[in-house]
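First up is the structure itself, then whatever we jot down about it.
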Amino acid sequence: VIVLGALSRPVITASAAVNSVAIAWPGDLTGCQLQSTTNLGPSSQWQPVTNAPQSINGRWTVTIQPLNGRRFYRLLQP
């Protein structure tokens, strides 16, 4: 998880379950977009994660079903 922006870095958590991964960030950060890519090279193409975040215990949480292969995620602040 990579956090970019001029603001202080929020605490972002990732937790794994049997068939899913949950990525969460503070609920006071609204409008953030979670993105993913398959590589971190200069030609990496970041795509928005289409799963809508849900507010759970005061944190925005996106639950993702793992795909074959590795995936990298970042959270963009508006």
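The values are calculated or read from the model by the stated rules, or taken from the named source; none is laboratory data. Small disclaimer: the values here were computed from a predicted structure and weren't measured. Positions of Cβ are generated from backbone atoms using ideal geometry, with glycine treated the same way; all protein chains shown enter the neighbour counts. In case anyone asks, the SASA skips ligands and DNA or RNA and just uses the protein heavy atoms, side chains included. Shrake-Rupley method; radii C 1.70, N 1.55, O 1.52, S 1.80 Å.
Things worth noting here:
- In order along segment 26-36, the Karplus-derived 3J(HN,Hα) couplings, from 6.51 cos²θ - 1.76 cosθ + 1.60 at θ = phi - 60°, round to x, x, 7, 8, 9, x, 6, 10, 8, 10, 9 Hz, and Gly and Pro are given as x.
- Of the trypsin sites (Lys or Arg not before Pro) in segment 40-78, the ones in a loop by DSSP (not H, G, I, E or B) with at most 15 other beta carbons within 10 Å are Arg70, Arg71.
- Choice from Ser36, Ser15, Ser55 showing the highest fluctuation, given a GNM over the chain with Cα pairs closer than 10 Å: Ser15
- The chain - convex hull of alpha carbons, volume per residue in Å³: 98
- Restricting the calculation to Cα atoms, every distinct pair contributes to the Kirkwood radius of segment 35-78, found to be 11.9 Å.
- Maximal additional length on extending the Leu76-Asn51 stretch stands at 7.5 nm, based on 0.36 nm per residue less the C-alpha distance.
- Accessible surface for the chain, divided over its residues, is 69 Å² per residue with a 1.4 Å probe.
- The stretch between Ser43 and Ser15, if pulled fully straight at 0.36 nm per residue, gains 7.3 nm over its current Cα-Cα span.
- Gaussian network model of the chain, Cα within-10 Å springs - most flexible of Gly41, Gly27, Gly58: Gly41
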